[in-house]
1. Starting from region 230-249, keep only residues that are under 19 Å from Val260 (Cβ atoms), then list their pairs with residues that are among the charged types (D, E, K, R) whose Cβ atoms are within a distance under 7 Å, requiring at least 6 positions of separation or different chains.
2. Enumerate the helices (runs of 4 or more DSSP H) found wholly within region 280-347, keeping only those where 3 or more residues are under 22 Å from the mean Cα position of the chain (by Cα).
3. Report yes if some residue within region 98-108 is of a type outside the set (Gly, Ala, Ser), in the same structural domain as Leu25 (by TED's automatic domain parsing), surrounded by fewer than 14 Cβ atoms within 10 Å (Cβ to Cβ) and outside any helix (DSSP H, G or I); otherwise report no.
4. Quick one: Trp120 ticks every box in (1) of a type in the set (A, V, I, L, M, F, W, C); (2) closer than 30 Å to Asp93 by Cα; (3) surrounded by fewer than 16 Cβ atoms within 10 Å (Cβ to Cβ); (4) touching a residue at least 40 places away in the same chain (Cβ under 8 Å) bar one, so which box is it?
5. Going by the conditions given, is Leu192 of a type outside the set (Asp, Glu), modelled with pLDDT of 95 or more and closer than 20 Å to Gly75 by Cα?
6. Give me the residue from region 170-204 that is hydrophobic (A, V, I, L, M, F, W, C) and in contact with a Lys or Arg (Cβ under 6 Å, 6 or more places away or on another chain) and, out of that set, surrounded by the fewest Cβ atoms within 10 Å (Cβ to Cβ).
7. Given the conditions (1) farther than 17 Å from Asp245 by Cα; (2) among the small types (Gly, Ala, Ser); (3) free of Cβ contacts under 8 Å to residues at least 40 places away in the same chain, and given that Gly210 satisfies all but one, which numbered condition is not satisfied?
8. From Gly329, Gly361, grab the single residue that is touching a Pro at 6+ places or on another chain (Cβ under 7 Å), farther than 24 Å from Thr289 by Cβ and at pLDDT 95 or above.
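The values are calculated or read from the model by the stated rules, or taken from the named source; none is laboratory data. Note that this is a predicted model, so its numbers are computed, not measured. Positions of Cβ are generated from backbone atoms using ideal geometry, with glycine treated the same way; all protein chains shown enter the neighbour counts.
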Amino acid sequence: MPRWFGAVIFFSVAAAIWTLVHVYLYTRVATALDLGTAGRTAFKVAVAGLALAYLLGRLLDTRWDDAAMVLTWVGAIWMGFAALAATAFAVRDLGIALPVMGLVKWGGLDPEVAAGIGRWSARVALAVAAGGLAWGLFVVQRGPQAKDVEVTLKGLPRALDGFRIVQLSDIHIGETVGEAYLDKVVGVANGLDADLVVITGDLSDEHDGGDGSGLRQLASIRSRHGILVSTGNHEVYAGGQGAVDAIERAGMKVLRQSHVVIDGGLVLAGVDDPTFLGGRDKVAEAMATAVAGRPEGLPVVLLSHQPLAMDAAAELGIGLVLCGHTHGGQLPPFQVLNRLAYRFISGLHRVGDTQVYVSNGAGYWGPPVRVFAEPEVARVTLRAE
């Protein structure tokens, strides 16, 4: 299938889902607030405008910067609210509205009482969504939090016991992630006394790295052994090879089906995102290429944007895989939806003798909102057996 045709299908499905979400929200909110005829008309216009705001902001970005930024921020915040509200109303419908309808049908509840329950439960769902939005905005604006992870790595030389790898992922420079947010990311990372910094994909959404200033901010993070990077799917969307070149111009080394040896005792390997490789089924082969020719007996840490092909990693004897991509779900309902696509979406896991750490990500994409998935900068301390 040509890539352009796949993109058309993806955006068509996304547009259909986004439309259905807004139809659903309109019916639920209009009922909850008892809007009259004029109120319903005004609400329809407002919902349609908010649904289109993010897209319009992106389209106007190259011509009317100020207006585009306002639209992008409004649209992004609305995206977060829409996701939370759709989740809250879905829980309300399944947990309250349907059982109440059943009671009315079987004569166990007065219809007027049921109608009152429906209105008030809808208002509670709306309030929960609004509260979740406020909390999620605060969590993002506070910036990423440091997270300590300790991993015992088979074969690690005693001289490297306590080696600190600081992992960042999914920063998404551009749109609403700018210099101020990057200052928070860099500040947290610089406070973790890294022996090595790794970034597991989705550094920037700016085409070919934009003017490079955001990438240079990331490259300024202090580390004894520099910064190693694996590509993410957004590097493809942001220019492919041009985005990779911009990362390397900023002073970071991109590992693409390749590896380096650190202090003669630790192998760091990296693979491209499946979007670069041509599909998920290519990841295992890319892992094998990345570790081919490595020094025998040395432990391997692999950078892989998406947590895929972990059984293959175990078969290859890779001791630790560092991933991102999932954002830990970022906000409901994506914690549930992500689990349909990925075996692991956050935290430390084990597959055979291979350990897998999936970062929540240091930034965010789309809504500047995180609920039940705080942004993080992980310090992974390696321990010898």
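1. Note: pairs meeting the criteria are Thr231/Arg256; Thr231/Asp272; Thr231/Asp273; Val244/Glu235.
2. Helices (runs of 4 or more DSSP H) meeting the threshold: 334-341.
3. For region 98-108, residues of a type outside the set (Gly, Ala, Ser), in the same structural domain as Leu25 (by TED's automatic domain parsing), surrounded by fewer than 14 Cβ atoms within 10 Å (Cβ to Cβ) and outside any helix (DSSP H, G or I): present.
4. (4)
5. Taking the combined requirement at face value, the residue does not satisfy it.
6. Only one residue fits best here, namely Leu192.
7. (1)
8. Gly361
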